[in-house]
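Here's the structure we're looking at; comments come further down.
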Amino acid sequence: MTDGPPELPFFVYGTLRPGEYNHDRFLLGRTAGEEAARLPGALLHDGPGYPYVVPGEGLVAGELVTAAPGAYAELLAVLDRVELPAGYERAACEVVRVGDGTAVRAWVWFAAPGTPYGPLIRGGDWRARPGPRRS
């Protein structure tokens, strides 16, 4: 019997990506690795300063984040405290590492049913979206 959810890596695609404004606030010092990855079968939509992923015929760019040794439970709790009240729900999905094409099961935060989200971000990359940036 397990005490909690499986210890999967996390797929981040918006403000938690390296170089984005929430990365250092919530991930700095809590990760053992971050590598480019893609989420197939999903679309990226703009939101109120952060994006939402929804199921669809597309590909979303992001990073696969591995928790530092001993930091998994704390990091999962922090990410849930950030994401769940903002209209997300967490699901385990297959993401693909860009470097070697390997499929990896990871936690992904999707827009919860009924969450309003903005226009589609064409190309599925938060960093490549048009418009002003927040740092």
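The values are calculated or read from the model by the stated rules, or taken from the named source; none is laboratory data. Here the structure is a predicted model, which means the values were calculated and not measured. Methodologically, a virtual Cβ is constructed for each residue, glycine included, from the backbone with ideal geometry; neighbour enumeration extends over all protein chains shown. Accessible surface is based on the protein model in full, side chains and every heavy atom, while ligands, DNA and RNA are left aside. Shrake-Rupley method; radii C 1.70, N 1.55, O 1.52, S 1.80 Å.
Looking across the stretch 81-117, the residues that are part of a loop (DSSP other than H, G, I, E, B), open to solvent by 30 Å² or more (accessible area, probe 1.4 Å) and not hydroxyl-bearing (Ser, Thr, Tyr) come down to Val98, Gly99, Asp100, Gly101, Pro113, Gly114, Pro116.
When the stretch 96-124 is filtered for residues that are under 15 Å from Gly56 (Cβ atoms) and not polar (S, T, N, Q), the ones remaining, listed by number, are Val108, Phe110, Ala111, Pro113, Tyr117, Gly118, Pro119, Leu120, Ile121, Arg122, Gly123, Gly124.
Yes/no matrix, rows are residues, columns are (1) among the β-branched types (Val, Ile, Thr); (2) on the phi > 0 side of the Ramachandran plot; (3) under 12 Å from the mean Cα position of the chain (by Cα):
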| position | (1), (2), (3) |
| --- | --- |
| Leu8 | no, no, no |
| Phe11 | no, no, yes |
| Asn22 | no, no, yes |
| Phe26 | no, no, no |
| Gly41 | no, yes, no |
| His45 | no, no, no |
| Leu64 | no, no, yes |
| Gly70 | no, yes, no |
| Leu79 | no, no, yes |
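Every test in (1) modelled with pLDDT under 95; (2) out of contact with any Leu (no Cβ under 8 Å at 6 or more places or on another chain) is passed by Leu27 save one, and that test is (2).
Take the residues of the stretch 1-53 that are among the acidic types (Asp, Glu) and touching a strand residue (DSSP E or B) at 6+ places or on another chain (Cβ under 6 Å): which is surrounded by the fewest Cβ atoms within 10 Å (Cβ to Cβ)? The qualifying residue surrounded by the fewest Cβ atoms within 10 Å (Cβ to Cβ) is Glu35.
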